[in-house]
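The structure appears right after this line, and notes come after that.
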Amino acid sequence: MTYKEIIASLKKKSYQPVYFLHGEEAYFIDAIADYIEKNVLTEAERSFNQTTFYGKDTDHKTLIDTASRYPMMASHQVVLLKEAQEMKTLKSIQPYIENPVPTTILVICHKYKKFDTRTKMGKALNKNAVVFRASKLYDNQIAGWIEAYMLGKGLEMEPNAANLVAEYLGTSLSKIVNEMEKLVINLPQGTKVTDKQIQEHIGISKAFNVFELQQALGERNVLKANRIINYFIANPRKNPMVVVVGALYNFFSKVYMSYFLKNLSDGELAKGLGHFAKNEYSAAFLVKKYKVAMRHYRKEQTENVLGILKEYDLKSKGVNRNSTTEGALMKEMIYQILH
């Protein structure tokens with residue numbers, strides 16, 4: 001079953017004895033578990049019929065004993081096993097999976113990695129449980145997912161706003177949702193969310209952020225790039241070097257890729273670079289920064305920049321760093337890219 005199908009069936013109160021949620025994307029696992037935790041039983045029923053275990057602190061015997069009980073003054077009992085990947089005897093619950101108690105809803109949350117469903121335990125799960133694998137989204141799927149999520153909350157994203165969030169926050173859906181909820185709380189339903197509102201509520205500095213640094217470097221604007229990097233050095237918690245280097249590597253990688261896709265239309269180029277564009281206008285806006293950078297960096301120079309960024313990524317992690325401060329490293333890096 002898909003995530004949407006599972007949530008839809010839960011809303012219809014169509015429950016299964018075992019839910020096995022596994023995979024790399026924690027957000028979907030947490031969302032399903034949270035829905036069951038908060039909605040299957042009433043507040044009064046939870047006191048006697050809802051139990052939460054954590055994999056590191058429990059064993060299969062305790063879990064099976066609890067799951068084998070019958071509910072008290074309720075139609076079901078809910079048993080949640082969180083952080084199941086930490087449970088050393090997880091596979092020993094196989095006998096229960098093969099013959100689950102129908103009045104128990106056992107939810108197993110196996111996060112950050114997929115479970116091998118080819119094992120005996122996996123085969124038992126496939127036969128007797130709802131098995132859901134939460135896969136991470138690709139970079140080019142994030143912006144579209146953000147738009148859909150916000151529409152579900154009654155807010156519409158302006159063109160490019162979702163791409164700004166995707167580039168700034170990365171691919172962690174849990175992190176994205178936490179930040180987007182700030183918009184949901186602060187903006188009335190029906191609002192069309194703009195870049196300005198994202199900058200205001202999510203805390204991206206208008207003048208000094210990694211996107212402005214990308215633009216300054218793409219334009220070879222030495223003064224602006226140095227102003228931004230000095231701001232980063234003065235605010236290291238907001239702008240750690242490892243994040244800055246990662247964002248710049250992503251940017252210049254796309255500049256480099258653009259050399260191989262330069263004969264495509266703006267829409268095809270945007271798609272090829274992993275961007276979500278609603279139309280050609282949006283696509284033109286998204287690829288403009290790469291085309292500008294191509295005017296200032298030849299293909300060979302772009303390769304050289306990628307090499308510089310790899311070198312300083314290692315230095316930021318302590319390799320051949322000596323006693324140089326992170327601020328000094330960032331200044332060196334920016335100087336080498338520009339010169």
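Here are the numbers:
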quantity: Single unsatisfied condition, Lys175 versus (1) at pLDDT 90 or above; (2) farther than 27 Å from Lys288 by Cα; calculated: (1)
quantity: Matching residues in the range 291-314 - criterion: being aromatic (Phe, Trp, Tyr) and at pLDDT below 95; calculated: Tyr312
quantity: Residue list for the range 152-178, restricted to those being β-branched (Val, Ile, Thr), closer than 17 Å to Phe28 by Cα and in a helix (DSSP H, G or I); calculated: Ile176, Val177
quantity: Residues located in the range 233-250, provided they are hydrophobic (A, V, I, L, M, F, W, C) and touching a Lys or Arg at 6+ places or on another chain (Cβ under 8 Å); calculated: Ile233, Val242
quantity: Scope the range 115-131; condition out of contact with any Ser or Thr (no Cβ under 8 Å at 6 or more places or on another chain) and either outside any loop (DSSP other than H, G, I, E, B) or exposed (fewer than 13 other Cβ atoms within 10 Å of the Cβ) (or both); matching residues; calculated: Asp116, Arg118, Thr119, Lys120, Met121, Gly122, Ala124, Lys127, Asn128, Val130
quantity: Test: Lys224 is free of Cβ contacts under 8 Å to residues at least 24 places away in the same chain and either of a type in the set (S, T, N, Q) or not assigned by TED's automatic domain parsing to the domain that holds Ala161 (or both); calculated: yes
quantity: Filtered residues of the range 60-77 (kept if within 19 Å of Leu41 (Cβ to Cβ) and among the polar types (S, T, N, Q)); calculated: Thr66, Ser68, Ser75, Gln77
quantity: Residue that is farthest from Val255 (Cα to Cα) [pool: residues in the range 278-324 that are of a type in the set (Gly, Ala, Ser) and without any contact (Cβ under 8 Å) to a residue 24 or more places away in the chain]; calculated: Ser323
quantity: Criterion violated by Pro236 - all others in (1) over 13 Å from Asn209 (Cβ atoms); (2) touching a residue at least 40 places away in the same chain (Cβ under 8 Å); (3) part of a helix (DSSP H, G or I); (4) of a type outside the set (Asp, Glu) satisfied; calculated: (3)
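The values are calculated or read from the model by the stated rules, or taken from the named source; none is laboratory data. It should be emphasised that the depicted structure is a prediction, and the values quoted were computed from it without experimental measurement. Glycine gets a Cβ as well: all are built from the backbone with ideal geometry, and neighbour counts include every protein chain shown.
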